[in-house]
1. Taking N as the number of residues in the chain, what is its Cα Rg relative to 2.2 N^0.38 Å?
2. Restricting things to alpha carbons, tell me how big the range 74-221 is in terms of Rg and Dmax, in Å.
3. Near Lys117, which lysines are there with a Cα under 27 Å away, not counting those fewer than 8 places off in the same chain?
4. Considering lysine pairs in the range 250-432 that are 8 or more places apart or on different chains, how many have Cα atoms under 25 Å apart?
5. Pairing the Cα long axis of helix 81-91 with the longest principal axis of the chain, what angle in degrees results, from 0 to 90 and rounded to the nearest 10?
6. Mind pulling the angle between the C-alpha long axis of helix 365-374 and the longest principal axis of the chain? Nearest 10 degrees, somewhere in 0 to 90.
7. Which of rounded, prolate or oblate describes the range 250-432 when judged by the alpha-carbon gyration tensor and an a/c cut-off of 1.5?
8. Suppose every K and R has +1 on its Cβ and every D and E has -1 on its Cβ; what is the size of the dipole of the chain about the Cα centre, in Debye to the nearest 20?
Amino acid sequence: MRADPKSPAVAGEKLGVWYADRLVGHIERKSASVLDIDFSYDPAWMAANDSFPVSIRMPLAVQHHEPATVYPWFLNLLPEGRTLEMVGAILHVHEADVFAILQEMGGDVAGALEIRKLNEPASARKPRHRRLTEAELAEAIKRLPERPLLVGEDGIHMSVAGAQEKLPVVRYSDGGIGLALDGAPSTHILKPRNSKFRAAVENEAFCLRLAAAVKLPAAEVSMHSAAGVDYLLVKRYDRIIENGAVRRLHQEDFCQATGFPPSLKYEWNAQIQRQGPGLKACLDALNLTSRAAANKIRFMDYMLFSVLCGNVDAHAKNYSLLIQSGAAVTMAPLYDVMNGDIYENVTRNLAMRIAGKQRSGHIYARHWDRFAEDNGLSKTQVRRRVAELTTAVLKAVPGVVEELEKSNMPSPAYKEIAGYVTTYCKSVLSNLKSDPIEEDEADDEPNATPAP
Ligand SMILES: Nc1ncnc2c1ncn2[C@@H]1O[C@H](COP(=O)(O)OP(=O)(O)OP(=O)(O)O)[C@@H](O)[C@H]1O
Ligand SMILES: [Mg+2]
């Protein structure tokens, strides 16, 4: 990517940011540089008593927000890496031109906002759903490698972050699947079986079912097959059904909440040798929320659950906040949790260090204490929570294996992952009781492949 790509568009061009038929504000190009976009709240939105901020970093009390905050926030709504390059090529715009890409793909994004023309209320776009036959769905999934998110096809205006192939869809009450077109809200995210990572569908289903089994809020998942093409269906927690209609809830991920672009989603981004948000940055961001203490404990539960699952890929875009009117902010449910141990070429290093430790086996009682101290949490509470949640996970594992082995997608992967999770749980519990003096820091694998 060039350092400061220019857009052929003109300064002063504006794009509306909408919540259903209400204007939240607008994005404006300040110059020919694609990075130079700012955001202003609409005065009526600022004055309404049921409004919510776009981000905890863009409070409603401040009308104008600068490009340094605005550009990375909106960039985080788009797919990443090679997928974004392909999107840019298909749309004939520069991959860094967030304004131009959102103009096309802003109709259904993570959270409650829709991005479309300033003079175009939702009703003018005639949002609609199109039901797919099983064969059509299988075909659509097969097109994704060349046409991410089906971008450029008739009525497709949606975007979702991440590096892996996926497709936002609607699920009808009879189980049928359709496409959300022209700004209609999707209700689920479909993640096809991944050819690079064996049993990825079963892996994510296992981890998220395990989270639910220990009463952690977790995205609801189910496994399916359309004409022989397997996929995981993840229910969107940012969509609810109200009076028979789908309503969007607002969310932002922790890259957005901490002010980093997606390219810096890891605490250490080895390819570009740059720092991104770690645990401290995420927990500090939670200090900006009204229920900071409860949110921080929940974040810690999620982080610990990732350690127990061997989910090394728990980077800042894999945790999110739900933002409700009146700026009530809570942790979104867990999503995108997968065990990395069953893949040989995946790093064993955690995406975020815990008290300086990158390998879960190297975390002892004093590290949990340091984690508590560094983040304004009670040491006793942290130790108690580590013991309680780990014990609960250890107990829940056999039941989840049994349930999934009896499901529509039986697989040897469940037992295999369960073995790793059990080992992690036992090691975390025994390390909580011991505190060897020697530190083992030799755990860096700077060139390892990131997890799925
Ligand atoms: N259940 C859900 N409800 C609402 N939004 C979700 C849900 N699951 C995922 N998302 C959003 O979609 C984005 C991409 O999803 P996900 O993390 O599962 O994809 P991925 O491509 O596997 O990610 P990664 O790049 O971490 O490998 C998330 O960062 C989040 O913003
Ligand atoms: Mg993810």
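1. Numbers: Rg = 21.7 Å, N = 452, 2.2 N^0.38 = 22.5 Å.
Relative to the rule-of-thumb radius for its length, the chain sits at 0.97.
2. Calculated on Cα positions, Rg and Dmax stand at 15.8, 47 Å.
3. Lys6, Lys14, Lys30, Lys126, Lys166
4. 23
5. 20 degrees
6. Helix 365-374 and the main axis of the chain meet at about 30 degrees.
7. Values: a/c = 1.43, a/b = 1.36, b/c = 1.05.
It is rounded, given that a/c, with a ≥ b ≥ c, falls under 1.5.
8. On the way: 53 positive and 57 negative charges, 160 e Å.
Here the size comes out at about 760 debye.
Every read-out reported here was derived from the displayed coordinates using simple, explicitly stated rules and does not represent laboratory data. It should be emphasised that the depicted structure is a prediction, and the values quoted were computed from it without experimental measurement. Every residue, glycine as well, gets a Cβ built from its backbone with ideal geometry; the counts of neighbours run over all protein chains shown.
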